[in-house]
Structures are given as structure tokens and as C-alpha cells.
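**Student:** Provided herewith is a single structure, encoded as C-alpha cells, for subsequent inquiry.
The values are calculated or read from the model by the stated rules, or taken from the named source; none is laboratory data. These numbers were taken from a predicted model, which means no experiment stands behind them. Using ideal geometry, Cβ is built from the backbone for each residue, glycine included, and neighbour counts are taken over all protein chains shown. Heavy atoms of the whole protein, side chains included, go into the accessibility calculation; ligands, DNA and RNA do not. Shrake-Rupley method; radii C 1.70, N 1.55, O 1.52, S 1.80 Å.
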Amino acid sequence: DYGAFPGAGTVGSTEACLLGGLCLKFRWRKWYAKRNGLTEAQVRAVYPNLIISTCYQAAWEKLFRYMDVEPKFVKPSSKTFAITAEEVKAQVDDKTIGVVCIMGNHYGGQYDPVWDVDEMLTKLNKEKGWQVGIHVDAASGGFIAPFQKDLPPWDFRLPNVLSISASGHKFGESVCGTGWVVWRQRQDLSDTVAISVSYLGGKADSYTLNFSRPASGIFVQYYKFHRLGRRGYQALSDNRMANAKYLRSALKQMKHSDGRPKFVLLDAGDDDCLPVVGACLNPELGLPYDDIDFQHQMLQNHWYVSGYRMCFHDPTDESTRPLFHDAKKSQTMFRVVVKANVTRPMMDNLVTSLTACIRDMDSLGPGFQSMHIAKKQKTHHKGHAC
């Protein structure tokens, strides 16, 4: 009707994820009630589920807790960090409101194969008479993937993609707290969360969880769209990816004293992923320090290199579980997110700092472990913290 996709500005991508999830839930509830001859009250007693990778961001835990949706987790491989269509298919049932595909997880920056999941759902929906759709969580990839020309379709070009969320402040160059959600259509999607407002004069629809909000993020995003344009965002994306490749190449060249690689790279490589370098210290070396120690040492050089354990917090039973089906939850890793303000001289400084930190930790040997064991014992595993 309007020649544009319906959508809304949100407070970060968290609100965008919640709105996308709510629309999937309301859409499913209407379909499930009709299919099973249930009243509105009866269908509200049915507990729906949402399928998502264990590499999910914390925003989705809010949906599970606040909106009464059961998470069905797919544990990817530590070799890919991405779900597969076959693994998703095994989890889908008639209570599934949708599948979340992450365009750029925050561990290694890999993309879930939306195109494969879409193809599988097309066949499964036809076979079962279901209408399971996809929400694309493009919190990070929303301002990267559109500028990667060799990437397969991942958006509304695929028939089962119903909504897309993105963060404006990660790679969109807006201020913190800027988010966006876009739906495929109004019917059974955005209309299910729309609230008509008329008391301010005239009539308008509100799609967000709260009415009052700052407008600074929208204005900054609008300015950046005009200031940079498509060519500007393309140049920023290319520059980030080039700097990530530069750092990745430097890590590949770093060797232990016996000539074995010092690091094992975990990210998706130089193309079709986020400008994120994910790696871990080579487990075969049996070092007396890990990637969490490495993070603390890098802080002394004013670089924050995020360290993680390969585990996640399961909100269904408050337990800590392995992030991947083929890696221990005690295994550690680190990542470097390459932003637009990072220059090549800054990358050279980062490589120099990395080399110096490794040299210092190697010189301390087992003594490093005893120095830092007390600090490491204080850390916990709830959420995605170290």
C-alpha cells in the first residue's frame, strides 16, 4: 500500500529482536488456533518455541523470559560457528513460531546460512502444512552483508524471511542505542504489535514497546545515510574487511618457540563474514595461560581483546552448557572487532602489542598461572561473560 516495507526505529537491536519475536508469536498463535479449533483463551495456554543457535545474543534471553517462548537451541560446530538446515529441521514442530538466523554472531562473526534454512523450510512447510518463517538477526551484519557482493540472498528475496533486525550503532555508524526492525508485510506481522495513537492530534501507529524515546539515533543515522551514501558504506565495509585480513595474516605468521603455530584461527576468513578476527591460543602447545589471561594482558597496552569461554547460559535451567557440540565448555577463545575508526598504523600497533604480550607471558611460564588464578576464580559463566 505504501511502496515500502513496514518497520520501526528501536532502542538498539534488543527491542528490534523483541518486536520481531512477538510478531512471530502472534502470527503463530492465530494460525495454531485455527488449525486446532482453539479459542483465544485456549491457544494462550500452549507454550510455543523458537529455534536459535547457542551463539545467540542476550537480547533473545529477554524474549524467552518475558514473552513465554521456549528456546530450542541448535549447537553448531566449533569449526563453523553456524547452524545447518538439517540441524534446524530436527527441531521444528507445529509449536515453532520461527527460526532465528544470525547474520554475524558475536564470537567469530560467521553468518548462519539463511538461504539453506529458507530452502529447507519451504519444503517442510509444504509437506506439513506449517508456516514457519525466519527472523534474521542482523544486529551486526545488517550494515555489512548488503555490501558483500558474493553473498547469497539472505533478506526478503527469500520467501520465508519475515523480519530483519539491525543495530545502527555497531556498523551503521550511528550513536549508541540505535536499532531498526523491518517486516516483510503488515498483515499478520507488524499489524500484530501496532498501537493506534490519536490523542496528540491526527492518527499514527506505534510499533515499539514504549512511546517516549530519544530521537538522536534516528537523526544521526539519517545524517550518515546522506553523508556517506551507498559508496561511503561500501568503502567503510571494504576498509574494515581489509584491516581484519591484515590482522588475520599477522596471527597466522606468529609461531611458538618450537615452530608450531601460536594461534588457531576460528573465524570465517577474509570474505562473507563480519570484520571480526576470532582465534584461540593453540591448545596443542599446552600453555600455562589461556585466552582470558591474554585479554587481561592486552589491557595493559590499552587494547581490549575480548576473551570468551566456549559456553553459554541456558535460561531454561540456569545451567552453563557447551557452546558447541564438538568443543569443551572450558575451552577459551578471543576476538577482535575491527571498526571504521581503525587505521593501518593502529593495526600495526595492535600486532606489536600482541607480540609483546605473548613474549611476556612466555617469559613468566607457569608463574603466570599462579599469579592470576585468584582473579580467574572470581569470574562466572552466566550469560556470555568470560
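**Student:** For THR355, indicate whether it is more than 25 Å from GLY104 (Cβ to Cβ), open to solvent by 10 Å² or more (accessible area, probe 1.4 Å) and at pLDDT 95 or above.
**Tutor:** Criteria met by THR355.
**Student:** Of everything in region 12-60, what is modelled with pLDDT under 95, open to solvent by 30 Å² or more (accessible area, probe 1.4 Å) and hydrophobic (A, V, I, L, M, F, W, C)? Give them in sequence order.
**Tutor:** The answer is ALA58, and nothing else.
**Student:** Return the residues of region 331-364 that are hydroxyl-bearing (Ser, Thr, Tyr) and part of a helix (DSSP H, G or I); say none if nothing qualifies.
**Tutor:** Kept after step one, since they are hydroxyl-bearing (Ser, Thr, Tyr), are these residues of region 331-364: 332, 343, 352-353, 355, 363.
Answer for region 331-364, where residues must be hydroxyl-bearing (Ser, Thr, Tyr) and part of a helix (DSSP H, G or I): THR352, SER353, THR355, SER363.
**Student:** Let me ask another. Tally up the residues in region 205-233 that are over 19 Å from CYS17 (Cβ atoms) and among the β-branched types (Val, Ile, Thr), please. Break it down stepwise before answering.
**Tutor:** Our first condition is that a residue be over 19 Å from CYS17 (Cβ atoms); within region 205-233, this holds for 205, 211-212, 214-216, 219-220, 222-233.
Filter once more, keeping what is among the β-branched types (Val, Ile, Thr): 220.
Going through region 205-233 one residue at a time, the tally reaches 1.
**Student:** Go through (1) in contact with a Pro (Cβ under 9 Å, 6 or more places away or on another chain); (2) over 26 Å from ASP362 (Cβ atoms); (3) charged (D, E, K, R); (4) open to solvent by 20 Å² or more (accessible area, probe 1.4 Å) one by one and return the number of the condition ASP271 breaks.
**Tutor:** (1)
**Student:** I'm trying to understand the selection: among the residues of region 363-380, which are buried (at least 16 other Cβ atoms within 10 Å of the Cβ) and either modelled with pLDDT of 95 or more or in contact with a His (Cβ under 9 Å, 6 or more places away or on another chain) (or both)?
**Tutor:** HIS372
**Student:** Okay, next question. In the set ALA45, ALA16, ALA41, which member is in a helix (DSSP H, G or I) and free of Cβ contacts under 8 Å to residues at least 12 places away in the same chain? It would help to see each step written out before you state the result.
**Tutor:** Details: ALA45 fails: in a helix (DSSP H, G or I); ALA16 fails: free of Cβ contacts under 8 Å to residues at least 12 places away in the same chain.
ALA41 is the lone residue from the list that is in a helix (DSSP H, G or I) and free of Cβ contacts under 8 Å to residues at least 12 places away in the same chain.
**Student:** Quick check on my filter: what residues within region 171-209 are modelled with pLDDT of 95 or more, of a type outside the set (Ser, Thr, Tyr) and surrounded by 19 or more Cβ atoms within 10 Å (Cβ to Cβ)?
**Tutor:** Within region 171-209, PHE171, GLY172, GLU173, GLY179, TRP180, VAL181, VAL182, TRP183, ARG184 qualify.
**Student:** Do the conditions hold for TYR246, that is, is it at pLDDT 95 or above, closer than 21 Å to CYS357 by Cα and within 24 Å of the chain's Cα centre (by Cα)? Step through it out loud before you land on a result.
**Tutor:** Values: at pLDDT 95 or above: yes; closer than 21 Å to CYS357 by Cα: yes; within 24 Å of the chain's Cα centre (by Cα): yes.
Yes, satisfied.
**Student:** Also: Of all residues being charged (D, E, K, R) and open to solvent by 20 Å² or more (accessible area, probe 1.4 Å) in region 132-160, which is nearest to CYS17 (Cα to Cα)? Just the residue, please.
**Tutor:** Among residues in region 132-160 that are charged (D, E, K, R) and open to solvent by 20 Å² or more (accessible area, probe 1.4 Å), the one nearest to CYS17 (Cα to Cα) is ASP155.
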